[in-house]
2 protein chains.
Amino acid sequence: MPTELPNERAIRQPGSMELDPSSGEGVALEETRKLIASNKVEGTAVYDRAGDQLGSVYNFMVDKVSGQVAYVVMSFGGFLGIGESYHALPWRALTYEPRVGGYVVDIDRDKLRDAPHYGASEDPFVDDEYGAKVDAYYRTAPTS
Amino acid sequence: MPTELPNERAIRQPGSMELDPSSGEGVALEETRKLIASNKVEGTAVYDRAGDQLGSVYNFMVDKVSGQVAYVVMSFGGFLGIGESYHALPWRALTYEPRVGGYVVDIDRDKLRDAPHYGASEDPFVDDEYGAKVDAYYRTAPTS
């Protein structure tokens, strides 16, 4: 058991999520919070596993009764060669990554290109079956 | 068993949530959907049990990991005599009521006036303990 702690860490306040200022992780306080405001999720960047930005969060679809976020709708600015388009992804497909301050998806571009998507003037969620179509494509269980 | 159905209802399309046009319920198609877009929740009216509008949804706080909506933040335009203010309510305290196209809370004005609230320049959710404070006031279990 060491009697000296050469890199002794500052003591956090109880209940505080504030980062150790000496850790050098460079993560803003904002990113360490457990909860995020809906209007801040909108616009958050979405990256692939390689760290390239695929798009950003346009909005997300919430189950009115349970309050569970079911789908996150990403917008692509013509990135995939299919014009401005919206892709709904199951919430579970996204991982929040504090280090990059955004969401990471384990989906490659080919898979995204062929996935269910729609244009700015469309609103496929008027059909409650649309979610099942998205789930089937990404092979996840229904999220709500 | 009646052999005649004087108010025979139109047959719905399979999977359609479209209302029976003859039912006279006057509910828009939009309100019957299972999922609602985050940017449409923002701005939705909040009513008390008597049907009076208390305020509207400013935004809502989402658990980054689970995707569960934990708190809905209502804005009041000086309604309670405390100036423009924001009240976070546990998601479970709100019931979506399709008939009025908004949320209904079973909380009276006195209870709201004394509840945790904050001003436009404040952001109490930087402290993860703030949710527990809200939960304690409304005596609900933590939602996430």
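Return the total of residues in region B:44-65 being within 8 Å of chain A (Cβ to nearest Cβ) and of a type outside the set (A, V, I, L, M).
4
Could you grab me the full set of residues in region A:62-116 that are among the polar types (S, T, N, Q) and free of Cβ contacts under 8 Å to residues at least 60 places away in the same chain?
A:Ser75, A:Ser85, A:Thr95
Tally the residues that are at pLDDT 90 or above and farther than 24 Å from B:Ala45 by Cβ, restricting the search to region B:95-122.
Final tally of qualifying residues: 0.
Assuming B:Gly119 fulfils every condition listed in (1) over 18 Å from B:Gln53 (Cα atoms); (2) in contact (Cβ under 8 Å) with a residue 40 or more places away in the chain; (3) among the small types (Gly, Ala, Ser) apart from one, which condition is it?
In the conditions (1) over 18 Å from B:Gln53 (Cα atoms); (2) in contact (Cβ under 8 Å) with a residue 40 or more places away in the chain; (3) among the small types (Gly, Ala, Ser), B:Gly119 misses (2) alone.
The values are calculated or read from the model by the stated rules, or taken from the named source; none is laboratory data. As the structure is a prediction and not an experimental result, all values here were calculated from the model. Positions of Cβ are backbone-derived with ideal geometry, glycine not excepted, and every protein chain shown enters the neighbour counts.
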